[in-house]
Structures are given as C-alpha cells and as structure tokens.
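What follows is a short report on a single structure.
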Amino acid sequence: MLYEFFPGAYAPLVATFVWSLLICVIGHYLVFRVPLFSSLVQAPIVPPFMALPAILFAFLMAFMASAAWQNITLARSALVNEHAALDRLAAVPIAPTAAKQQLQSSLRRYVNAVLDDEWEKRHNESASPDAEEAIDSLASGIWAIDGQCRAQARTAPDCTSDLDVSTYVKSLDDLRVARDDRLSLGYQGTLRLKWVLVIMLAFATSLSIAAIHRSSARTSAISLGIFGLSIWMTFAMVALHIQPYRGPDALSSRPLQELRAKI
C-alpha cells in the first residue's frame with residue numbers, strides 16, 4: 001500500500017484514499033474511452049454480472065479483516081503475558097541483596113530496551129540486541145545464584161530457595177515466549193501480495209460497474225463514486241489494524257511503562 005514508507009500515523013488513510021480514487025477513475029476512463037467497450041451501448045452487460053467480482057472482493061477483504069482482528073487480539077495477549085512475566089520476575093525474593101540488585105538492573109535494562117528501542121523505534125518488527133543481552137544476563141544471573149547455593153548445600157542464610165529459583169526460571173521462560181510472540185506479530189512485512197490481489201479485485205469490480213452503466217457516463221460516475229467511498233472505508237479499516245503496533249489505533253505500551261516506573 002506504500003504507506004509503510006511514511007512516518008505519519010494517518011498514512012494508511014491517505015494511501016487507501018489514493019488507491020480507491022485511482023481504481024474508480026481508471027475504471028471509468030477505460031470503459032468510456034477504450035473502443036473495446038463501445039459495443040456495450042448496443043449490447044449491455046446484465047447488472048447481476050457485477051455481483052461476481054464484488055463477492056470475490058468482499059470475501060478477500062473479509063479474510064484480511066479477520067487476520068487483522070486476530071493480530072490485535074494476539075498482540076494484546078502477548079502484552080499482558082509479557083507484563084505478567086516481568087511483574088513476577090521483579091517480585092521473586094532473591095538473596096543475597098547484591099544479587100537481587102544485579103538482577104533488577106538487568107530487568108530494568110530489558111524494559112528500557114523494549115520500550116525505547118523495540119517498541120518506539122522498531123515498532124516491534126525486529127529484535128533489540130540490548131534486550132537480548134539483558135535476557136541472557138537474567139538467565140546467567142539466576143543460574144549463578146542457584147549454582148552457588150547448591151555448592152553450599154543451601155545451608156547459607158542468604159541462599160535463594162529452590163522454589164524461588166524455579167519460579168524465577170519459569171517466569172523468565174514465559175517472558176521469552178511473550179516477547180517472541182510480540183515480535184512475530186510485529187514482523188509481517190508489507191503484505192504486498194495480499195494488497196495487490198485485493199486492489200486487482202477492486203479494479204475488476206469498478207470495471208464491471210462502469211461497463212454496466214456504459215450508456216450513461218453520469219450514472220457510471222455516481223455509481224463508481226459510491227463504490228469508491230465504500231472501498232476506501234474498507235481498505236482503511238484493514239490498513240489501520242493489520243499491523244497492531246503502527247497507526248493511530250496502535251496497541252499502547254502503557255502497561256510496560258507503568259511497570260518500568262515501579263522497577
């Protein structure tokens with residue numbers, strides 16, 4: 001749709017409007033200017049013919065809309081799961097105090113990398129190396145604490161219990177899964193092939209509308225104007241939601257921002 005190359009939040013609305021306008025204008029021009037369609041004045045196409053490309057267009061748009069709503073639902077679930085995993089990691093009691101502070105420092109580093117790099121700059125379309133390093137630091141830190149306590153047979157008063165270590169490791173695994181889910185939903189490419197197909201079907205529908213009204217340019221223009229407005233709203237709804245981390249209705253990172261303030 002080309003709006004991926006523009007930073008504006010409302011770029012999908014502009015791009016879909018341009019595409020809808022071009023589809024209708026070109027369809028009207030071809031039918032009334034190309035000699036191939038001149039015979040339709042004496043032998044017009046029956047109106048029900050328009051239903052075939054229109055139904056196919058509606059089916060494809062419904063498929064894309066369903067994928068968009070599913071992406072948003074999955075993105076919200078990933079955000080909730082990531083927030084819950086981070087909250088558990090911050091709450092697990094770790095001893096000694098110096099080790100707890102080191103893990104908390106790595107946890108803050110992870111949250112900062114996610115919010116400032118992956119979410120803000122990359123729109124969750126690619127991973128931040130700093131976030132990767134922070135997760136590795138959390139994993140190596142908890143295993144180092146567990147190894148030290150095992151060497152002391154957990155007799156030292158400042159050793160972390162097996163239950164706390166298990167809870168921390170489980171929460172860390174949940175964090176990895178939630179982050180992978182978020183990044184997989186963010187990286188979807190530009191979906192060019194789907195957009196090309198749906199634009200071609202919309203163009204075929206505009207040709208059929210203009211061809212049916214070949215006897216009256218005014219009637220054809222009015223019909224295509226209504227059709228253009230309809231497909232613009234349909235295109236815009238899908239374009240605004242097909243990528244859950246972009247656009248004016250993008251998923252907010254507020255839960256993670258509130259958690260960062262508490263860590």
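The values are calculated or read from the model by the stated rules, or taken from the named source; none is laboratory data. In this text, all values refer to a predicted model and were calculated from it rather than measured experimentally. Glycine gets a Cβ as well: all are built from the backbone with ideal geometry, and neighbour counts include every protein chain shown.
Of the helices (runs of 4 or more DSSP H) that lie entirely inside the stretch 1-115, those containing 2 or more residues that are under 19 Å from M233 (Cα atoms) and touching a residue at least 12 places away in the same chain (Cβ under 8 Å) span 11-33, 51-91.
For the condition free of Cβ contacts under 8 Å to residues at least 24 places away in the same chain, assigned to a helix (DSSP H, G or I) and not hydrophobic (A, V, I, L, M, F, W, C), R182 does not qualify.
Restricted to helices (runs of 4 or more DSSP H) entirely inside the stretch 192-263, those with at least 1 residues that are modelled with pLDDT under 95 and either over 30 Å from L74 (Cβ atoms) or hydroxyl-bearing (S, T, Y) (or both) are 192-212, 217-241. Condition check: in a helix (DSSP H, G or I), out of contact with any helix residue (DSSP H, G or I) (no Cβ under 9 Å at 6 or more places or on another chain) and surrounded by fewer than 17 Cβ atoms within 10 Å (Cβ to Cβ). Does Q148 satisfy that? No, not satisfied. In the stretch 163-179, the count of residues that are among the hydrophobic types (A, V, I, L, M, F, W, C), assigned to a helix (DSSP H, G or I), in contact (Cβ under 8 Å) with a residue 12 or more places away in the chain and under 30 Å from A65 (Cβ atoms) is one or more. Just one of the listed residues (R218, R192, R214) is within 16 Å of V34 (Cβ to Cβ) and of a type in the set (K, R), and it is R214. Could you say whether any residue in the stretch 245-263 is more than 14 Å from the chain's Cα centre (by Cα) and among the polar types (S, T, N, Q)? Checked the stretch 245-263: at least one residue is more than 14 Å from the chain's Cα centre (by Cα) and among the polar types (S, T, N, Q).
Being among the hydrophobic types (A, V, I, L, M, F, W, C), part of a helix (DSSP H, G or I) and more than 25 Å from the chain's Cα centre (by Cα) is a condition met by no residue of the stretch 119-137.
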